[in-house]
Amino acid sequence: MSSAKRLIGIAAIALVGMGGTVVPLEAAGALRGKITIDGSSTVYPITEAVAEEFGAEEPNVRVTVGISGTGGGFKRFVVGETDISDASRPIKAKEDALAVEHGITYIEIPVAYDGLTVVVHPKNDFVDKLTPEQLNKLYSDGGGVKTWKDINPAWPDRAVKIYSPGSDSGTYDYFKEVIIGKSGAFRPDMQVSEDDNVLVRGVSGDSDAIGYFGSAYYFENQDKVKAVPIVNLAGNPVLPSIETVKSGDYNPLARPIFIYVNAKSAPRPEVRAFVEFYLDNAADLSREVGYIPLPNEVYSAAERNFKLGKAGSAWIKDGKDIDVNVTHAFK
């Protein structure tokens with residue numbers, strides 16, 4: 001299996017010690033407390049939808065969901081400021097080291113697939129597809145692209161306006177990994193924001209703009225921006241969809257997205273109930289907000305291992321490892 005194909009598989013689950021004895025949950029509606037969540041703007045729509053549905057059942061639990069980007073969320077998470085961190089990439093080695101330094105252990109849980117979507121203005125009638133190599137030229141420092149004509153001689157000689165998530169975003173990190181390359185750098189003149197809604201407004205307000213963000217923001221704003229088919233490893237231009245992401249055809253811009261749970265927070269009844277509710281509803285709610293559900297066996301394994309405080313680097317099913325074709329690209 002190619003590295004690009006593996007990147008759209010489930011990341012290996014580093015379930016780092018929740019431990020302790022599982023106590024029965026209280027009756028529905030009887031829970032109280034506060035759950036603090038921050039992190040990825042990509043994962044935010046799912047977590048916010050879960051928090052809203054959970055709040056209807058447990059109105060005395062206050063769930064706050066921030067959007068400071070994957071990196072920004074991990075900065076708070078690894079020092080114990082939050083209970084859960086939304087992440088559109090696996091935790092990095094340096095972030096994990098900070099967690100160890102502060103005595104923070106965690107449970108990593110995949111919640112959905114995302115097809116990272118490249119978008120242009122709806123009136124753009126000439127960009128019918130882009131290759132990863134063309135995206136590299138557009139976004140990399142030294143790519144030499146100032147106008148659309150620099151990408152394709154048949155395209156207009158008009159300046160390109162570049163939009164991107166900011167450096168605290170896991171989407172930024174993922175795009176850099178698969179498009180710019182580890183040794184490359186983004187161009188310095190991009191318009192950046194950790195808030196994907198800002199990127200939507202930017203691209204929709206400029207007929208010569210281009211940007212990228214999670215598929216949920218594209219599906220929610222199809223009247224404002226237009227998705228660009230990306231030429232995959234087989235040489236075919238493909239748009240993100242449930243079918244193309246699940247099949248692996250939408251590569252290399254598909255990936256799993258996660259939540260991370262502070263292991264010290266996990267035994268609290270309100271946190272445990274929220275995470276179990278999240279996993280029970282992740283498939284439906286991820287689909288509802290524009291993401292792609294994971295296989296049912298992965299959700300089941302995640303919930304089982306969470307309940308058991310399971311530690312290890314692989315899913316366990318009936319005493320056997322589940323092969324989930326994993327890579328942790330950022331470790």
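The values are calculated or read from the model by the stated rules, or taken from the named source; none is laboratory data. All of these numbers come straight from a predicted model, not from anything done at the bench. Glycine gets a Cβ as well: all are built from the backbone with ideal geometry, and neighbour counts include every protein chain shown. Note: areas computed on protein heavy atoms with side chains; ligands, DNA, RNA excluded. Shrake-Rupley method; radii C 1.70, N 1.55, O 1.52, S 1.80 Å.
With θ taken as phi - 60° and the coefficients 6.51, -1.76 and 1.60, list the Karplus ³J(HN,Hα) couplings across the range 294-304 in order, rounded to whole Hz; mark glycine and proline as x.
Per residue, the Karplus-derived 3J(HN,Hα) values read 7, x, 4, 5, 6, 4, 5, 5, 4, 5, 5 Hz.
Hand me the trypsin sites (Lys or Arg not before Pro) from the range 29-75 located in a DSSP loop with no more than 14 other Cβ atoms within 10 Å, in residue order please.
Answer by residue number: R32.
Stretched out fully, how many nm does the piece from E101 to R62 gain, at 0.36 nm a residue minus the Cα gap?
So the extension gain works out to 11.1 nm.
Starting from the Cα gyration tensor of the range 105-162, multiply each eigenvalue by 5, take the square root, and state the resulting semi-axes largest first in whole Å. The partial results should precede the final answer.
Working: eigenvalues 195, 44, 18 Å².
The three semi-axes for the range 105-162 are 31, 15, 9 Å.
Please sort by residue number the trypsin sites (Lys or Arg not before Pro) in the range 111-217 whose DSSP state is loop and whose Cβ has at most 15 other Cβ atoms within 10 Å.
In loop regions of the range 111-217 (DSSP not H, G, I, E or B), the sparsely surrounded trypsin sites (Lys or Arg not before Pro) are K123, K129, K146, R158, K182.
List the residues whose amide H sits under 5 Å from the amide H of I35, counting only those 5 or more places along or on another chain, with H placed 1.01 Å from N in the peptide plane.
The answer is R62, V63, T64.
Using a 1.4 Å probe on the protein chains only, how many percent of the accessible area of the range 80-189 belongs to carbon and sulfur?
48 percent
Summing Lys, Arg as +1 and Asp, Glu as -1, what charge do residues with Cβ under 15 Å from the Cβ of P165 carry, P165 excluded?
Working: positive: R89, K176, R187, R201, R255; negative: D86, D114, D168, D173, E177, E194, D195, D196.
Around P165, the charge tally is -3.
Along the Cα→Cβ direction, 7 angstrom out, place labels at R304 and K123. What is the inter-label distance in nm?
5.6 nm
Can you tell me how much longer the chain between R268 and E297 gets when fully stretched, taken as 0.36 nm per residue apart minus their C-alpha distance, in nm with one decimal?
Net length gain for the segment: 7.9 nm.
Out of residues 5 or more away from A263 or on other chains, whose amide H comes under 5 Å of its own, with H placed 1.01 Å from N in the peptide plane?
T105, Y106, I107
Quick check: at a probe of 1.4 Å, how many percent of the accessible area of the range 202-271 sits on carbon and sulfur atoms? Provide the component values of the computation, followed by the final result.
On the way: 1190 of 2340 Å².
Summing carbon and sulfur atoms, their accessible area is 51 percent of the total for the range 202-271.
Expected output is a single nm value to one decimal: the length gained when fully extending between A30 and Q222, i.e. 0.36 nm times separation in residues minus the C-alpha distance. What is it?
This chain segment gains 65.1 nm when fully extended.
Can you work out D for the range 96-251 in µm² s⁻¹ from Stokes-Einstein, where Rh is the Kirkwood radius over C-alpha pairs, the temperature is 20 °C and the viscosity is 1.002 mPa s? The partial results should precede the final answer.
Values: Rh = 16.5 Å.
Taking Rh from Cα pairs, D becomes 130 µm²/s.
Starting at the first residue of the range 262-268, write each ³J(HN,Hα) from the Karplus equation 6.51 cos²θ - 1.76 cosθ + 1.60 with θ = phi - 60°, in whole Hz, x for Gly and Pro.
Result, ordered by residue: 4, 5, 6, 7, 4, x, 4 Hz.
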